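The values are calculated or read from the model by the stated rules, or taken from the named source; none is laboratory data. Note that the structure is a prediction, hence the values are computed from the model and not measured. For neighbour counting, all protein chains shown are included, and Cβ atoms are generated from backbone atoms with ideal geometry for every residue, glycine included.
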Amino acid sequence: MKKIVGYRRPHPGTQPAYNYPPYRSTQKRCPTQPLVLPPQTLSEITGPIFGHGDVKPTDHDLTRQHKGDPIGERIVVTGRVLDENGRSVPNTLIEVWQANSSGRYPHRTDQHNAPIDPNFSGAGRTVTDAEGRYRFITIRPGEYPWRNHFNAWRPAHIHFSLFGQAFLTRMVTQMYFPGDPLLPYDPMFTCIENEAARNRLVSVFDWESTIPEQALGYRFDIVLRGREETPMEKMP
Amino acid sequence: MSLFASGNQTVGPYLHIGLEWLTTRDIAGKGIKGERVAIAGRLLDGDGNGVNDGLIEIWQANAEGKYAHPEDPQKKPLEKGWRGFGRIPTDAKGGFRFSTIKPGRVPGPGGVLQAPHLVVTVFMRGMLKHLMTRIYFADEPGANAEDPVLKLVPAPRRATLIPKKKGRTLEWNVILQGKNETVFFDY
């Protein structure tokens, strides 16, 4: 069997630690023993393959999942999924979930006294195209309080879950909105030490994907782990 | 070009909204060859309480030791309908249960075969980046002894990766902290 071409280790400061005291819940949920660092094997450089057959063509439009229109500001979220070598990650599954425009999730454990929107479930999925591009239509999520610390509020965000081409590229992240005043107070956001890496989680307003008289566009590019070495035949 | 990967973030307490659609109770459907196993356990926090807002994902080879992935170069049969992926959210008490087939041995570093194993990722509220671990099998003492990954785990902690037989189920708990803390890997 030929040598495994592994995935890069994270650049220091660009990934959160398991133990991050400002996010209180990490205290009882982080490992206390050192993690074991094994070599990457065939088991980790492979991973589940999802395709266009796994999602319905309408799954990417969160505003069309019920009889009526959801309340709130319609937005378009587009972007590219890349790897650390700058290459597109085509045909990869993206799952998203988010609060409604009043900051409420239709979930049994969400007790926030903001209204549930019967026309908004807040879940979507899509598969990237051959160039790694994706597009969701949704409504802008609301901010909401949580009990991490006194007067704690989550900035508006959309959860993103991605697989990439290996189990090692699996990632769950969150997309934020530009200029959100809550960001500096949010331990989810501040848990990433490197400023540039932190700002990578903030989408940008995108005039070109904005639909005239319909919806503002936001661009959110996502970078997954890339290969350690570049197989020559794939060089451009 | 050298970018750095986007930062991981927690799935938060409402993970089910986005992720539950892909819940897999049986990783090996009808017609998939192999020894059937049912694995069940609990995801437990540092106070020993069940984590009710967690999720585990499984990635595994088929009974021949072949992954349903284009980068597996082995010339071994792959059944139609085999993906080898499972997603199991925890219940109100932090419990999870799934069934599958025991995978075959797959190649490891230096041509040494790995012992049959499942790759596991663990997600939950209160965890900013998922954890990775593995499940091995108690009835494979010979293969386990030569497994190149298991060998790197301090001997007293290896048992945390091997479920115990309990009736017809294999019991395996994910213990986040303290005595018998599960071994997690960082690749």
So which residues in the range B:109-136 are surrounded by fewer than 22 Cβ atoms within 10 Å (Cβ to Cβ) and farther than 30 Å from B:T10 by Cα? B:P109, B:G110, B:G111, B:V112, B:L113
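Looking only at the range B:1-47, count how many residues are of a type in the set (A, V, I, L, M) and within 7 Å of chain A (Cβ to nearest Cβ). Can you show your working first?
Within the range B:1-47, the first condition is being of a type in the set (A, V, I, L, M), and the residues that meet it are B:1, B:3, B:5, B:11, B:15, B:17, B:19, B:22, B:27-28, B:32, B:37-40, B:43-44.
Those left that are additionally within 7 Å of chain A (Cβ to nearest Cβ): B:1, B:3, B:5, B:11, B:17, B:19.
Adding up the residues that qualify gives 6.
For B:F98, are the conditions met, namely being at the interface with chain A (Cβ under 8 Å from one of its Cβ atoms), touching a Ser or Thr at 6+ places or on another chain (Cβ under 8 Å), surrounded by 16 or more Cβ atoms within 10 Å (Cβ to Cβ) and more than 30 Å from A:G13 (Cβ to Cβ)?
no
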Leading residue by the ranking (surrounded by the most Cβ atoms within 10 Å (Cβ to Cβ)) among those in the range B:39-63 that are of a type in the set (A, V, I, L, M, F, W, C) and under 30 Å from B:P77 (Cα atoms): B:A61
Among A:E44, A:E73, the single one that is at pLDDT 95 or above and either within 14 Å of chain B (Cβ to nearest Cβ) or in contact with a His (Cβ under 7 Å, 6 or more places away or on another chain) (or both) is A:E44
In the range A:1-30, residue nearest to the other protein chains (Cβ to nearest Cβ) [restricted to those that are in contact with a Ser or Thr (Cβ under 8 Å, 6 or more places away or on another chain) and free of Cβ contacts under 8 Å to residues at least 40 places away in the same chain]: A:Y18
Conditions: (1) at pLDDT 95 or above; (2) more than 28 Å from B:P154 (Cα to Cα). A:T58 meets all but one. Number of the miss? (1)
If I ask for residues that are away from chain B (no Cβ under 11 Å), of a type in the set (A, V, I, L, M, F, W, C) and surrounded by fewer than 20 Cβ atoms within 10 Å (Cβ to Cβ), which ones from the range A:180-201 would you list? A:L182
So for the range A:159-169 (the condition being more than 26 Å from A:R227 (Cα to Cα), more than 9 Å from chain B (Cβ to nearest Cβ) and either part of a loop (DSSP other than H, G, I, E, B) or not small (G, A, S) (or both)), does at least one residue qualify? no
Do we have A:F167 as buried (at least 22 other Cβ atoms within 10 Å of the Cβ) and in contact with a Leu (Cβ under 9 Å, 6 or more places away or on another chain) here? no
When you scan the range A:124-137, do you find a residue that is under 30 Å from A:G6 (Cβ atoms), touching a residue at least 24 places away in the same chain (Cβ under 8 Å) and aromatic (F, W, Y), even just one? yes
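Grab the strands (runs of 3 or more DSSP E) fully contained in the range A:20-133, keeping just those with 1 or more residues being hydroxyl-bearing (S, T, Y).
A:74-83, A:123-127
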For the subset of the range B:162-187 comprising residues that are more than 10 Å from every other protein chain (Cβ to nearest Cβ) and buried (at least 16 other Cβ atoms within 10 Å of the Cβ), which member is farthest from A:R225 (Cα to Cα)? B:T169
Filter the range A:104-115 down to residues that are surrounded by fewer than 21 Cβ atoms within 10 Å (Cβ to Cβ) and either charged (D, E, K, R) or within 12 Å of chain B (Cβ to nearest Cβ) (or both), then give me how many there are. 7
Kindly evaluate A:F150 against the criterion of being assigned to a loop (DSSP other than H, G, I, E, B) and either within 12 Å of chain B (Cβ to nearest Cβ) or under 24 Å from A:A17 (Cβ atoms) (or both). yes
